[in-house]
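The next block holds one structure in the form of structure tokens; read it before the comments.
The values are calculated or read from the model by the stated rules, or taken from the named source; none is laboratory data. On a predicted model such as this, the values are computed, not experimentally measured, just so you know. Just so you know, the surface numbers come from the protein's heavy atoms only, side chains and all, with ligands and any DNA or RNA stripped out. Shrake-Rupley method; radii C 1.70, N 1.55, O 1.52, S 1.80 Å.
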Amino acid sequence: MYLADHAWPDLGAYFEEESLALVPVGSTEQHGPHLPESTDHRIAQALAREAADRTGYLCTPTVNVGVSPHHRQFHGTMWVDAPQFRDYMESLTRNLTYQGIDRVVYVNAHGGNVDHLREVGRRLHMDEVAYAVEWMWDESIPDLVDEVFEHNGPHGGPKETAMMMHIDRDIVHEDRLEAARDGGLIRTEEGSYRTHGARTFYDAADNTGNGVLGDQTDATPEKGERLFEAATDQLVKLCEWLDDQPFEDLMPEPHVRERERGPADFL
């Protein structure tokens, strides 16, 4: 169920019966010479909408711009600073709680958002307002990703390329896959990631000339479909599990002093 496609009187029944929402979150940033800058938010949106269609849960509009300053050297990359992103996502989620939502899945497809979405979830959890969890599609199926690709690459690599071939093949520049591979960094262990134990890079441009990693020529639409179906299955199971939990069980444990008191302490 996609929220934005419905008139407000027709949404009342959902909020009376259900309390879960999926919020797709991505980015608008460079993904090499072969993929569009919409890659992350298109993947997040496709997965969230598919899971919503299969389960009947509510899917909100997509948050298209995330925390991406580490891609700023490449044309067209957009980003918001981390504090503003966190505040925006918290405000958006609190708006959903006003409508009756008390559990949220951030369907995320951008690594730069992970820590910040976790922080938003922690704030809401501490205030006992909602239970909001960050879900990253490739982290839900790590064994399959490793099985399918020899040189995966965490950004603009074959997993994202294959997913986009499945979701919207027309906007993938398949004639540039070799150029993406040859101009990027195939093996991430060869990158300039650490010096004497310190992380000595800040931007994607520090490690890859054209902005991507991995072997993009290993991607196919068929592999993308396998990833999409497997990740969607995991997302559906997460939503069903979350919906089954009593709200009080999702809230913080009491302070240890309170837990250590017995019934007699209150007599």
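Values for this structure:
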| quantity | calculated |
| --- | --- |
| Radius ratio Rg over Rh of the chain, counting only Cα atoms, Kirkwood formula for Rh | 1.03 |
| GNM flexibility winner over the chain from P24, P83, P158 (Cα, springs under 10 Å) | P83 |
| Rh by Kirkwood over Cα pairs, then Stokes-Einstein D for region 129-267 at 1.002 mPa s and 20 °C, µm²/s | 117 µm²/s |
| Cα long-axis angle, helix 114-126 against the chain (0 to 90 degrees, to the nearest 10) | 0 degrees |
| Solvent-accessible surface (1.4 angstrom probe) belonging to L22, in square angstrom, nearest 10 | 0 Å² |
| Between helix 39-55 and the chain: long-axis angle, C-alpha atoms, 0 to 90°, nearest 10 | 40 degrees |
| Probe 1.4 Å, all protein chains present, accessible-area order of Y88, Y193, Y106, Y57, largest first | Y88, Y193, Y57, Y106 |
| Heavy-atom accessible area per residue - the chain, 1.4 Å, Å² | 51 Å² |
| Selected from W137, W79, W241 as most flexible by GNM, with the chain as the system and alpha-carbon contacts under 10 Å | W241 |
| The chain: antiparallel DSSP beta bridges as a percent of all, rounded to 5 | 20 percent |
| Accessible carbon and sulfur surface of the chain relative to its total accessible area, %, 1.4 Å | 46 percent |
| Alpha-carbon gyration tensor eigenvalues x 5, square-rooted, for region 1-130, Å | 27, 18, 11 |
| Exposure of E128 as accessible area (Å², to 10), given a probe of 1.4 Å and all protein chains | 110 Å² |
